[in-house]
1. Would you please name the GluC sites (Glu not before Pro) within the range 1-46 that are DSSP coil residues with at most 15 other C-beta atoms within 10 Å of their C-beta?
2. Which angle from 0 to 90°, rounded to the nearest 10, does the C-alpha axis of helix 95-106 make with the longest principal axis of the chain?
3. If you average 1/r over all unlike Cα pairs in the range 94-139 and invert the result, what Kirkwood radius do you get in angstrom?
4. Rounded to the nearest 5, what % of the DSSP beta bridges within the chain are antiparallel ones?
5. What lysines could a cross-link reach from LYS73, if we take a straight Cα to Cα line under 17 Å and drop same-chain neighbours fewer than 8 places away?
6. Can you give the log10 of the normalised intensity I(q)/I(0) at q = 0.15, 0.16, 0.17 Å⁻¹, computed with Debye over equal Cα scatterers of the range 18-86?
7. Can you give the helix-only mean residue ellipticity at 222 nm for the chain, where every DSSP H stretch with n ≥ 4 adds -39500 (n - 2.57) and the sum goes over all residues, rounded to the nearest 500 deg cm²/dmol?
8. Gap in Å between the Cα centre of the range 64-106 and the Cα centre of the range 6-36?
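Read the figures in this text as sums done on the coordinates, not as results from a lab. All of these numbers come straight from a predicted model, not from anything done at the bench. Cβ placement follows ideal geometry from the backbone for every residue including glycine, while neighbour counts extend to all protein chains displayed.
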Amino acid sequence: MKLLLQEQVKGLGEPGDVVDVADGYGRNYLLPERLAVPNTPENRRRIETQKLLQLQREAERRELAEAVAKSLKNALLQVYMKAQADGSLYGAVTAAVVVEVVEKAKGLNIEERWVQLEAPLKKIGDYDISLKMPGENACTFKLTVLPEDEA
């Protein structure tokens, strides 16, 4: 049975590849799991269109990553959090909080998975935050966690 792969299948091929598989494997696994579709001209065109869109999205993400790296390299950002008298936070500074801070301060939409935190930050102080972005882009910036004034 000849099928057109929609997803990468380990040991079989990449999206867009035409593979010749046993009928049972195709009918019982590849087709129901939507990993492959029948090899028709219409499906080939659709797969090629998806590949082009994926490449375009990846290029846009790389451009965004380069812009973020240039803008945030050695930047100094601040976030205010509720804290106790001993300097420990009531909450924690997580990757989601870092994304919000970057968006408010610099107007950049970064992805949460780019933020490299070993653990959530739970104390007041200065921290080096690393971003690992698509391609070879990476940057580090300073984030200062300050106590929120009780008003």
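1. Here the GluC sites (Glu not before Pro) that fit, given the DSSP loop and packing criteria, are GLU7, GLU33.
2. The helix 95-106 is inclined about 70 degrees to the chain.
3. Final number for the Kirkwood radius of the range 94-139 is 11.3 Å.
4. On the way: 20 of 26 bridges.
Within the chain, antiparallel bridges account for around 75 percent of the total.
5. LYS104, LYS106, LYS132, LYS142
6. Those come out to -0.72, -0.76, -0.81, one per q.
7. Counting only the DSSP helices, I get -10000 deg cm²/dmol.
8. Centre-to-centre distance over Cα atoms comes out at 44 Å.
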